[in-house]
Number of protein chains: 2
Amino acid sequence: MSLPFLLLGMLRLPATGYDLKKAFDGSLRHFWSAELSQIYPALQRLEEEGKLRSRRSPSDAGPARRVYRRTARGTRALHDWLREEPVPAAVRLPYLGQLCFLGEIEDGAATGAFLRKLREQFAERVAVLRRIEAEWFADEEQLSGEDFHAHLTVRFGVTRAEASIAACDEALARWKRRKERR
Amino acid sequence: MSLPFLLLGMLRLPATGYDLKKAFDGSLRHFWSAELSQIYPALQRLEEEGKLRSRRSPSDAGPARRVYRRTARGTRALHDWLREEPVPAAVRLPYLGQLCFLGEIEDGAATGAFLRKLREQFAERVAVLRRIEAEWFADEEQLSGEDFHAHLTVRFGVTRAEASIAACDEALARWKRRKERR
DNA sequence: TAACCCATGTAAAAGGTTACATGATTTC
DNA sequence: GAAATCATGTAACCTTTTACATGGGTTA
């Protein structure tokens, strides 16, 4: 449901499917991702609907690129979506499922090891986001309206990942206290 | 990939597909959900694989219920999954996609309205989770190992939702400052 | 009597991942 | 000479949602 709108949003400037994939793997990674095999058909469909138009353009290396640009109709569709209420996320966190049932194999170490590993994963995510922040959004005052908003989303990612680290620490502390009490 | 393991985990005590659906809609809602049309076939499949066994049992009201219980093989499969590393979540947050591109329609109000609405949604989630906490996990010392771990997941949910509220507030503050500067 | 809860399922469609196919250019 | 990057796509499969089908009992 959201992917076509994200593609429209990313196409403020003309780009190819391959370019968009790199954006998903880079600065958008913390809130969305998509495979090339999903991106290409989605772009074709948006073109059929008149929201994008494409042109072949020769490439320096490899096959000809297909460069997409947004049409007026595409811009209208995007802006309509942007004016809607925040679309709630379908939360699916398998690691919380694991944590939820880890009580069943509690051998005095399993939960602790799991939480420490989880903490590491979140710490790594914070590091990645901070690198993106430093690289693309360093000088606050100079940001365009578009970059300002992109930066806000990175700030969201950082805040949430740091909160997850805090949740790991709290869980570890509770778990240790509980272990000592028995 | 994770759903069958979650069902196995939820079936520490015997239950029907309908019961499991209610659990997804209740205390598990903050990290997973599933429709009945996905749950029933998944249970059938787990039974074919010998990880569950089911018995029909008459119901007070309505049709006969099919009660599933975990087999030794099912328990083994679950515990193997629990001993794996934390399974990373596939993050897909459409609302951050909206926020990311809202710079395009900045009319002096759009972003602010969006962030305030988003904040409300997170506040509602915190309220729901706090209600669950008060209802099921009130007396810390008395919790069984299973309930203790379930409580940890709720704490994760609260911490992350509160961080999201903080991120909204930070974004609103930045956005106002930026508006005044221009 | 209408709406809702109980209870189980199937079918179709949409969204997403993995695997396959092709082929040029650059880097190690 | 092998691996990685550039570049586009199709096919098969898996996961998830929405819609359909059935029917008894309870509540407003």
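Those residues that are buried (at least 21 other Cβ atoms within 10 Å of the Cβ), under 16 Å from B:A166 (Cα atoms) and more than 7 Å from chain B (Cβ to nearest Cβ), I need them from the stretch A:159-171; list them, please. Within the stretch A:159-171, just A:A161 meets the criteria. Run A:A134 past the list (1) farther than 25 Å from A:R160 by Cβ; (2) at pLDDT below 95; (3) outside the structural domain of A:K21 (by TED's automatic domain parsing) and report the number of the one that doesn't hold. The failed condition is (1). Which one of these does B:K117 not meet: (1) more than 7 Å from chain A (Cβ to nearest Cβ); (2) surrounded by fewer than 16 Cβ atoms within 10 Å (Cβ to Cβ); (3) in a helix (DSSP H, G or I)? Unmet for B:K117, out of (1) more than 7 Å from chain A (Cβ to nearest Cβ); (2) surrounded by fewer than 16 Cβ atoms within 10 Å (Cβ to Cβ); (3) in a helix (DSSP H, G or I): (1). Of everything in the stretch A:18-29 that is within 12 Å of DNA strand C (Cβ to nearest atom) and crowded, with 16+ Cβ neighbours inside 10 Å, the residue that is nearest to the other protein chains (Cβ to nearest Cβ) is A:R29.
Tell me whether the stretch B:41-50 contains one or more residues that are closer than 30 Å to B:R155 by Cα and within 13 Å of DNA strand C (Cβ to nearest atom). Within the stretch B:41-50, one or more residues are closer than 30 Å to B:R155 by Cα and within 13 Å of DNA strand C (Cβ to nearest atom).
The numbered conditions (1) out of contact with any strand residue (DSSP E or B) (no Cβ under 8 Å at 6 or more places or on another chain); (2) not in a loop (DSSP other than H, G, I, E, B); (3) not assigned by TED's automatic domain parsing to the domain that holds A:D169 are all true for A:Q98 except (3). If only residues of the stretch A:49-78 that are within 14 Å of another protein chain (Cβ to nearest Cβ) and crowded, with 16+ Cβ neighbours inside 10 Å are counted, the one that is farthest from B:L118 (Cα to Cα) is A:R70.
Each row is one residue, and each column tells you yes or no for (1) more than 16 Å from the chain's Cα centre (by Cα); (2) surrounded by 17 or more Cβ atoms within 10 Å (Cβ to Cβ); (3) away from DNA strand C (no atom under 16 Å from the Cβ).
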position: A:Q98; (1), (2), (3): yes, yes, yes
position: A:A113; (1), (2), (3): yes, no, yes
position: A:E146; (1), (2), (3): yes, yes, yes
position: A:H151; (1), (2), (3): no, yes, yes
position: A:A173; (1), (2), (3): yes, no, yes
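Of the listed requirements (1) over 21 Å from B:A89 (Cα atoms); (2) away from chain A (no Cβ under 14 Å), B:I39 misses just one: (1).
Would a scan of the stretch B:67-83 turn up a residue that is part of a strand (DSSP E or B), more than 23 Å from the chain's Cα centre (by Cα) and of a type outside the set (F, W, Y)?
Looking through the stretch B:67-83, at least one residue is part of a strand (DSSP E or B), more than 23 Å from the chain's Cα centre (by Cα) and of a type outside the set (F, W, Y).
Candidates are the residues of the stretch A:30-48 that are free of Cβ contacts under 8 Å to residues at least 12 places away in the same chain and surrounded by 13 or more Cβ atoms within 10 Å (Cβ to Cβ); the one that is farthest from DNA strand D (Cβ to nearest atom) is A:S33. Beta carbons closer than 7 Å, at least 6 apart along the sequence or on distinct chains, pair a first residue in the stretch A:85-101 that is within 7 Å of chain B (Cβ to nearest Cβ) with a second that is within 11 Å of DNA strand D (Cβ to nearest atom) and among the hydroxyl-bearing types (S, T, Y) for A:P94/B:S2; A:G97/B:S2. Restricting attention to the stretch A:140-147, does a residue exist that is more than 9 Å from chain B (Cβ to nearest Cβ) and within 30 Å of B:L102 (Cβ to Cβ)? Scanning the stretch A:140-147 turns up at least one residue that is more than 9 Å from chain B (Cβ to nearest Cβ) and within 30 Å of B:L102 (Cβ to Cβ).
The values are calculated or read from the model by the stated rules, or taken from the named source; none is laboratory data. Small disclaimer: the values here were computed from a predicted structure and weren't measured. Ideal geometry is used to build each Cβ from the backbone, glycine not excepted, and the neighbour counts take in all protein chains shown.
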